[in-house]
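Working notes, beginning with the structure itself.
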């Protein structure tokens, strides 16, 4: 850690004294101030250990609860937004069908009332033949078909996506040995 160099100027007190050169910072310290420098280094090591412990705790929390990852949160938000878009589109489509269905059924009811009036009038006048009966049957069959095969409405699915797709990109990582902080060439 330190090498005795003979006389020199102490970086702390500035006096010309016998000094020791610190191998780490290359500064010269007298025997009075070398212990202070070593104590500062010891304090810095303790701070690094505390930060390492905090990091270990964070790592453990993320390992036990992966939903805390910010990327997972982004995916969860995308999922919620996509579900809301789907639900909103489905709601609007249902409302459109219900509105059109109501209008369609109302029109069928009007046509049925008209047919009923025609039948009543024909019965009252007692003036009908096979052609009239065939015509009444056709009108009734037509109303039944309109009710059972409604409206010329159908569901169309667009090929364009309703929701923006989400992807996860994982680039290849450079292989690093974090203990020795040297790049390994044979990863």
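Taken together, the values in this text are just the output of simple stated rules run on the coordinates, not laboratory data. What you see is a predicted model; the values in this text were computed from it and never measured. Don't worry about glycine lacking a Cβ; one is built from the backbone with ideal geometry, like all the others, and counts go over all protein chains shown.
At-a-glance table
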quantity	calculated
Length released on extending from residue 100 to residue 7, taking residue separation times 0.36 nm less the Cα-Cα span	23.4 nm
Degrees between helix 70-125 axis and first principal axis of the chain (Cα, 0 to 90, nearest 10)	10 degrees
Whole-Å semi-axes of the range 1-106's equivalent ellipsoid (Cα gyration tensor)	75, 14, 8
Full-stretch length increase - residue 133, residue 62 - with 0.36 nm per residue and alpha-carbon distance subtracted	17.6 nm
For the range 97-161 and the range 7-52, distance of Cα centres in Å	100 Å
Percentage, to the nearest whole number, of Cα pairs in the range 66-148 over 14 Å apart	76 percent
Peptide ranges 19-30, 125-136, 71-82 listed from the most packed, as the mean C-beta count within 10 angstrom indicates	19-30, 71-82, 125-136
Solvent-free Debye scattering, log10 I(q)/I(0), computed from the Cα coordinates of the range 2-64 at q = 0.11, 0.14, 0.29 Å⁻¹	-0.39, -0.51, -1.11
Contact order normalised by residue count of the chain, Cα under 8 Å, 6+ apart, percent	11 percent
Extension gain (nm, one decimal) between residue 47 and residue 16, 0.36 nm per residue minus Cα-Cα	7.9 nm
Rg [Å, one decimal], Dmax [Å, integer] - the chain, C-alpha atoms	43.8, 139
